[in-house]
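Asker: I have a structure here, written as structure tokens, and I will follow up with some questions on it.
The values are calculated or read from the model by the stated rules, or taken from the named source; none is laboratory data. Every value quoted in this text rests on a predicted model; they were computed, and no experiment measured them. So basically every Cβ, Gly included, is an ideal-geometry build from the backbone, and we count neighbours across all protein chains shown.
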Amino acid sequence: MSTHYVNILASKRNGTLYVGVTNDLIRRVYEHRNDFVQGFNRKYGVHRLVYFELCEDFDTALQRENRIKEWKRKWKVELIEKGNPEWKDLYEEIVSCI
């Protein structure tokens, strides 16, 4: 069993959203924050980790990611604001926990 994370990054509060999945949340967010990943995130400045959840395996994480991607934007915003009402960048918090 390997741990995976579903995550949502944002350009700013109520800005552009990106939903992804990874087995190394810190590394992946670091790559996005530093524009190592070409494409959507770099183009739209999506660098702030505003939501994440832990999944027990890749298949579960991938299913959850796909489900969230299909949601209306309003539902994604509600998911973020339920646990992070101020849209704080959670990256520094998770880095300081290791």
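Asker: Within segment 54-67, take every residue that is out of contact with any Leu (no Cβ under 9 Å at 6 or more places or on another chain) and either surrounded by 15 or more Cβ atoms within 10 Å (Cβ to Cβ) or aromatic (Phe, Trp, Tyr) (or both) and give me the one that is farthest from Leu9 (Cα to Cα).
Answerer: Once the filter is applied, the top-ranked residue is Phe58.
Asker: Considering only segment 7-47, how many residues are closer than 18 Å to Cys97 by Cα and either small (Gly, Ala, Ser) or surrounded by 21 or more Cβ atoms within 10 Å (Cβ to Cβ) (or both)?
Answerer: 3
Asker: If you scan segment 5-50, which residues turn out to be more than 24 Å from Lys82 (Cα to Cα) and polar (S, T, N, Q)?
Answerer: Within segment 5-50, Asn34, Gln38 qualify.
Asker: Specify which of the listed residues (Glu92, Glu70, Glu81) is out of contact with any His (no Cβ under 8 Å at 6 or more places or on another chain), of a type in the set (D, E, K, R), modelled with pLDDT under 95 and surrounded by fewer than 19 Cβ atoms within 10 Å (Cβ to Cβ).
Answerer: Step by step, each of Glu92, Glu70, Glu81 is checked, and only Glu92 is out of contact with any His (no Cβ under 8 Å at 6 or more places or on another chain), of a type in the set (D, E, K, R), modelled with pLDDT under 95 and surrounded by fewer than 19 Cβ atoms within 10 Å (Cβ to Cβ).
Asker: OK, next. Which numbered condition trips up Trp75, out of (1) in contact with a Ser or Thr (Cβ under 9 Å, 6 or more places away or on another chain); (2) of a type in the set (Phe, Trp, Tyr); (3) farther than 15 Å from Leu9 by Cβ?
Answerer: (1)
Residue by residue, here is whether (1) touching a strand residue (DSSP E or B) at 6+ places or on another chain (Cβ under 9 Å); (2) under 18 Å from Ile94 (Cβ atoms); (3) among the small types (Gly, Ala, Ser) holds:
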position	(1), (2), (3)
Ile26	no, yes, no
Tyr30	no, yes, no
Tyr44	yes, no, no
Tyr51	yes, yes, no
Glu56	yes, no, no
Arg64	yes, no, no
